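Each value in this text was obtained by applying a stated rule to the coordinates, not by laboratory testing. Fair warning: this is a prediction, and the values are worked out from it, not measured in the lab. Neighbour counts are summed over all protein chains in view; Cβ atoms, including those assigned to glycine, are modelled from backbone coordinates with ideal geometry.
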């Protein structure tokens, strides 16, 4: 079965966004090129790590170029995207694996997002030797979202993604766990409820 490829070589927009209230948010990455829009769902931690890694990748590409590459150190003025996700949001798939690379010829960040798949390892116990042998099974992805970003747009993506991640519930000042408006049972308060102020 052929793989479905959602390819965005020059997207008009690539952003992280959410749907729902803090504590119950669903995170999305959304790419748009002309009238074509592709949205994929993922976990908050995936958005956070992707933003961190894109930022590190850009810093490393700039360092290796000796400062000659046209890679801004921060998001250029006027490139901040605070608009909501494009509607309707039709989830293509839930992201499992993310790959990230730098295309030195195109001078772009390449992000590949693959759907969640079944276990990639099968364990086969060998009773005679009392050992377990792990056999890796190749799992072919049925779909992939490929996005290529110019460095300035990649910095803009990072800034927005970090903002989206930090816009959730504030952390409890005592235990660091997310604090709901009605409070939570804080392990550092011996089970007493702490209320957000």
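If the chain between residue 188 and residue 100 were fully stretched, how many nm would it gain, using 0.36 nm times the residue separation less the Cα-Cα distance? Numbers along the way, then the final one.
Numbers: separation 88, 0.36 × 88 = 31.68 nm, distance 3.88 nm.
Gain on extension, residue 188 to residue 100, equals 27.8 nm.
Fewest Cβ neighbours within 10 Å first, please rank 188, 108 accordingly. Provide the component values of the computation, followed by the final result.
Details: 188 13, 108 20.
Ordered by Cβ neighbours within 10 Å, fewest first: 188, 108.
Take the Cα gyration tensor of the stretch 1-74, multiply each eigenvalue by 5, square-root it, and list the three semi-axes largest first, rounded to whole angstrom. Walk me through the numbers on the way to the answer.
Details: eigenvalues 141, 72, 30 Å².
Those come to 27, 19, 12 Å.
Projecting label points 7 angstrom from Cα along Cα→Cβ for residue 3 and residue 74 puts them 3.8 nm apart. Residue exposure proxy: 75, 97, ordered by other Cβ atoms within 10 angstrom of their Cβ from fewest to most, comes out as 97, 75.
Could you calculate the contour length gain from residue 53 to residue 24, that is, 0.36 nm times the residue separation minus the distance between their Cα atoms, to one decimal place in nm? Before the final figure, lay out the partial values.
Values: separation 29, 0.36 × 29 = 10.44 nm, distance 2.53 nm.
Length difference between fully extended and current span is 7.9 nm.
Placing a label point 7 Å from the Cα of residue 150 along the Cα-to-Cβ line, the residues of the stretch 1-36 whose backbone N sits under 20 Å from it are 7-16, 30-36.
Can you put 180, 90 in order, fewest other beta carbons within 10 Å first? Don't jump to the answer; show the numbers that get you there.
On the way: 180 16, 90 8.
Exposure proxy ranking, most exposed first: 90, 180.
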